[in-house]
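Colleague: Questions regarding the structure given below will be posed in turn.
The values are calculated or read from the model by the stated rules, or taken from the named source; none is laboratory data. Owing to the predicted nature of the structure, the values given are computational and were not obtained by experimental measurement. We place every Cβ from the backbone using ideal geometry, glycine too, and count neighbours over all the protein chains shown.
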Amino acid sequence: MNAAEPARFDLFIGGQEIPGHDGERALLTDPADGGAIASVAIAGRDDALHALEVAERAFRESPWAQDDGALRARVLRRLADRLETEAEVFARLETSNMGKTLREARGDIAYVVRTLEYASGLADKIEGETIPVPGPRFDYTVREPLGVTVHIAPWNYPLLLAIRSVAPALAAGNSVVLKPASLTPLTALAFARLAHTAGVPPGILNVVVGPGREVGDALITDERCRAVSFTGSVEVGRRIGEIAGRRAIPQTLELGGKSPVLVLADADLDRAARGIGFGIFGNAGQMCWAASRLIVHESVRAPLLQKVRALAEALRLGPGTEEGVDMGPLVSAEQAERVLGYINTARKDGGKLVTGGARPDDPKLARGNFVRPTVVEEIPTTSRAVREEIFGPVLSVFSFREVDEAVRIANDTRFGLFAALWTRDLGSAHALARRLDAGMVAINDPPNTYPQTPFGGVKDSGVGTEQGRRSIEFFTRTKNVLVNLGSPRKKPAS
Ligand code: NAD
């Protein structure tokens with residue numbers, strides 16, 4: 001192969017790498033400099049249906065679902081170990097495809113390893129119950145896998161968010177069809193190859209890449225799809241929810257956010273500033289739970305803003321692969337334009353820039369999709385830049401005098417994914433946590449999650465949760481078995 005030629009990635013179906021039915025391919029480019037990095041096979045409807053057929057057959061015929069779980073536990077553990085060995089390769093692939101810094105990508109891959117370990121630990125602990133019933137009867141339940149589960153993932157944490165739901169689905173004995181985002185499919189395809197070498201039977205994990213509307217639709221409208229796990233935008237999530245509702249299949253929808261971070265007058269401002277910086281500039285702000293609305297007590301507004309501003313201005317922008325870079329480019333030129341558009345809206349609506357607000361001046365970054373870390377204040381809460389998810393490194397600042405006012409501003413949004421609050425008074429913190437409309441609350445911590453803790457939102461941020469032990473419940477169904485043991489034998493006459 002010519003060294004300059006971009007790497008080739010094909011679809012992964014039935015344990016094999018195959019081109020799409022129509023031979024269509026897409027060229028993927030590095031968000032840091034626009035250079036070509038990979039040529040990827042693009043699936044169409046026929047490929048989606050083929051993947052479902054292969055997955056359904058593997059579910060029926062392979063030992064994956066039939067085993068007591070020990071096989072799945074072993075294979076998932078082996079896969080975790082192999083991914084850990086290959087972590088650097090995967091991290092570099094993620095960075096070149098998505099743009100995040102190598103440090104962030106390494107963190108993502110370590111998280112996927114931990115997710116697989118956790119799922120491995122659950123695989124042989126999927127248990128039913130015995131339930132007392134009247135008479136000479138015996139009642140028990142078993143938890144059975146669903147069949148083929150479909151997973152649709154976004155581009156901001158490409159492998160992490162895909163495997164977050166794929167790992168428990170596999171642990172529970174299902175077979176999987178995964179559709180990663182078209183912009184960032186490379187690590188999912190490489191992962192499927194690795195899973196195959198680790199012993200996941202052919203057909204149990206399939207990956208198809210293609211346009212959401214055509215391929216995603218084909219996957220979830222087909223009767224072989226028995227559940228759908230979707231992570232992405234509210235608009236697409238609603239559409240998927242409608243289809244899943246019509247088909248009466250289980251769904252989890254992990255959607256957008258506009259998360260508040262409340263800073264009370266007694267907070268440790270240095271820690272809070274670092275947490276705020278991480279919560280909005282991490283992953284270049286492309287986080288569903290980005291803490292994008294800072295709501296600070298007026299008495300500490302000035303010193304806190306000074307710290308956040310200093311922190312934003314100290315961040316070094318550059319290609320994710322470069323040592324010492326703190327923030328990479330946005331995923332695409334379109335996303336960078338979109339974010340800059342929101343900053344313009346904020347300014348037109350009266351917002352004042354504290355820092356950032358434009359592309360960086362450095363000519364070396366001119367070909368990449370970079371946007372400077374941005375802080376805007378005095379922006380009316382009615383502005384589209386406050387009401388809608390920006391999905392970029394843009395923080396809006398509000399202040400409050402009474403806690404009730406802070407809660408009102410925090411909850412004044414269609415979203416409810418995450419909220420952070422900073423205070424030294426833990427008693428008030430717990431009380432306040434209850435008043436916030438959010439699926440997750442962090443007290444004195446930036447957005448932070450673990451494979452063992454539930455992840456999910458309320459309101460327009462979604463339905464259901466992922467991660468944690470309950471993920472196994474989602475990917476299994478309960479069967480109740482009632483046994484009549486017959487009438488007790490009569491005592492023989494003496
Ligand atoms: P998106 O909704 O555009 O795409 C997500 C996935 O859905 C992609 O794989 C896409 O190809 C597919 N898709 C698009 N149209 C489809 C259709 N009609 N039918 C089936 N599939 C379809 O979202 P995105 O731009 O990739 O990701 C950004 C969004 O994801 C943001 O809103 C962000 O908040 C959200 N997100 C949520 C979480 C969470 O856990 N709550 C995590 C990360 C991202």
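Colleague: Any residue at all in the stretch 109-132 that is within 14 Å of the ligand (Cβ to nearest atom), buried (at least 23 other Cβ atoms within 10 Å of the Cβ), assigned by TED's automatic domain parsing to the domain that holds residue 466 and not hydrophobic (A, V, I, L, M, F, W, C)? I'd like the intermediate steps shown before the answer.
Modeller: Quick first cut of the stretch 109-132, residues within 14 Å of the ligand (Cβ to nearest atom) only: 111, 115.
From what is left, the residues that are buried (at least 23 other Cβ atoms within 10 Å of the Cβ) are 115.
Narrowing further to those that are assigned by TED's automatic domain parsing to the domain that holds residue 466: 115.
Now narrow it down to the ones that are not hydrophobic (A, V, I, L, M, F, W, C): 115.
Yes, because at least one residue in the stretch 109-132 is within 14 Å of the ligand (Cβ to nearest atom), buried (at least 23 other Cβ atoms within 10 Å of the Cβ), assigned by TED's automatic domain parsing to the domain that holds residue 466 and not hydrophobic (A, V, I, L, M, F, W, C).
Colleague: Out of all the residues in the stretch 4-33, which are under 22 Å from residue 370 (Cβ atoms) and either over 25 Å from the mean Cα position of the chain (by Cα) or not assigned by TED's automatic domain parsing to the domain that holds residue 187 (or both)? Working first, answer last.
Modeller: Within the stretch 4-33, the first condition is being under 22 Å from residue 370 (Cβ atoms), and the residues that meet it are 27-33.
Listed by number, the list holds a single entry, 33.
Colleague: Just one of the numbered conditions (1) more than 8 Å from the ligand (Cβ to nearest atom); (2) in contact with a Gly (Cβ under 6 Å, 6 or more places away or on another chain) is not true of residue 247; which one?
Modeller: (2)
Colleague: Just checking, does the stretch 205-219 include any residue being assigned to a strand (DSSP E or B), within 11 Å of the ligand (Cβ to nearest atom) and touching a helix residue (DSSP H, G or I) at 6+ places or on another chain (Cβ under 6 Å)? Spell out the reasoning first.
Modeller: Taking the stretch 205-219 as the starting set, the residues that turn out to be assigned to a strand (DSSP E or B) are 205-207.
Next, only the ones that are within 11 Å of the ligand (Cβ to nearest atom) stay: none.
No, that holds for no residue.
Colleague: Consider the stretch 164-219. How many of its residues are under 20 Å from residue 15 (Cβ atoms), basic (Lys, Arg) and surrounded by fewer than 24 Cβ atoms within 10 Å (Cβ to Cβ)?
Modeller: Residues meeting the conditions: 1.
Results for (1) more than 24 Å from residue 284 (Cα to Cα); (2) hydroxyl-bearing (Ser, Thr, Tyr); (3) not assigned by TED's automatic domain parsing to the domain that holds residue 288, shown as yes or no for each residue.
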position: 384; (1), (2), (3): no, no, no
position: 387; (1), (2), (3): no, no, no
position: 412; (1), (2), (3): yes, no, no
position: 420; (1), (2), (3): no, no, no
position: 460; (1), (2), (3): no, no, yes
position: 463; (1), (2), (3): yes, no, yes
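Colleague: Please enumerate the residues belonging to the stretch 220-244 that are more than 10 Å from the ligand (Cβ to nearest atom) and either part of a loop (DSSP other than H, G, I, E, B) or outside the structural domain of residue 157 (by TED's automatic domain parsing) (or both).
Modeller: Within the stretch 220-244, 222, 223, 224 meet the criteria.
Colleague: Just name the residue that is farthest from the ligand (Cβ to nearest atom) out of those in the stretch 257-275 that are farther than 18 Å from residue 403 by Cα and in contact with a strand residue (DSSP E or B) (Cβ under 6 Å, 6 or more places away or on another chain).
Modeller: 258
Colleague: Among the candidates 322, 334, single out the residue that is under 26 Å from residue 238 (Cα atoms) and of a type in the set (D, E, K, R).
Modeller: On the way: 322 fails: under 26 Å from residue 238 (Cα atoms).
One residue alone meets the criteria, 334.
Colleague: Something else now. Check whether at least one residue in the stretch 126-149 is in contact with a Cys (Cβ under 8 Å, 6 or more places away or on another chain) and not in a helix (DSSP H, G or I), and report yes or no.
Modeller: Filtering the stretch 126-149 down to residues in contact with a Cys (Cβ under 8 Å, 6 or more places away or on another chain) leaves 148-149.
In the following step, the residues that additionally are not in a helix (DSSP H, G or I) were identified as 148-149.
Checking the stretch 126-149: at least one residue is in contact with a Cys (Cβ under 8 Å, 6 or more places away or on another chain) and not in a helix (DSSP H, G or I).
Colleague: A further question on this structure: If I ask for residues that are among the aliphatic types (A, V, I, L, M), surrounded by 24 or more Cβ atoms within 10 Å (Cβ to Cβ) and more than 8 Å from the chain's Cα centre (by Cα), which ones from the stretch 138-163 would you list?
Modeller: Looking only at the stretch 138-163, we keep the residues that are among the aliphatic types (A, V, I, L, M), and these are 142, 146, 148, 150, 152-153, 159-163.
Adding the requirement that they be surrounded by 24 or more Cβ atoms within 10 Å (Cβ to Cβ) leaves 148, 150, 152-153, 159, 161-163.
Within the stretch 138-163, 148, 150, 152, 159, 163 qualify.
Colleague: Which count do you get for residues in the stretch 257-272 that are surrounded by fewer than 24 Cβ atoms within 10 Å (Cβ to Cβ) and either part of a helix (DSSP H, G or I) or in contact with a helix residue (DSSP H, G or I) (Cβ under 7 Å, 6 or more places away or on another chain) (or both)? Write out each step before concluding.
Modeller: First, the residues of the stretch 257-272 that are surrounded by fewer than 24 Cβ atoms within 10 Å (Cβ to Cβ): 264-271.
Then drop every residue that is not either part of a helix (DSSP H, G or I) or in contact with a helix residue (DSSP H, G or I) (Cβ under 7 Å, 6 or more places away or on another chain) (or both), which leaves 269-271.
Total meeting the criteria: 3.
Colleague: In addition: Starting from the stretch 386-398, keep only residues that are assigned to a helix (DSSP H, G or I), then list their pairs with residues that are of a type in the set (A, V, I, L, M) and away from the ligand (no atom under 14 Å from the Cβ) whose Cβ atoms are within a distance under 7 Å, requiring at least 6 positions of separation or different chains.
Modeller: 386/379
Colleague: Out of 399, 428, 383, which single residue is over 30 Å from residue 113 (Cα atoms), over 19 Å from the mean Cα position of the chain (by Cα), at pLDDT below 95 and surrounded by fewer than 22 Cβ atoms within 10 Å (Cβ to Cβ)? Reasoning before the result, please.
Modeller: Values: 399 fails: at pLDDT below 95; 383 fails: at pLDDT below 95.
Of 399, 428, 383, the one residue that is over 30 Å from residue 113 (Cα atoms), over 19 Å from the mean Cα position of the chain (by Cα), at pLDDT below 95 and surrounded by fewer than 22 Cβ atoms within 10 Å (Cβ to Cβ) is 428.
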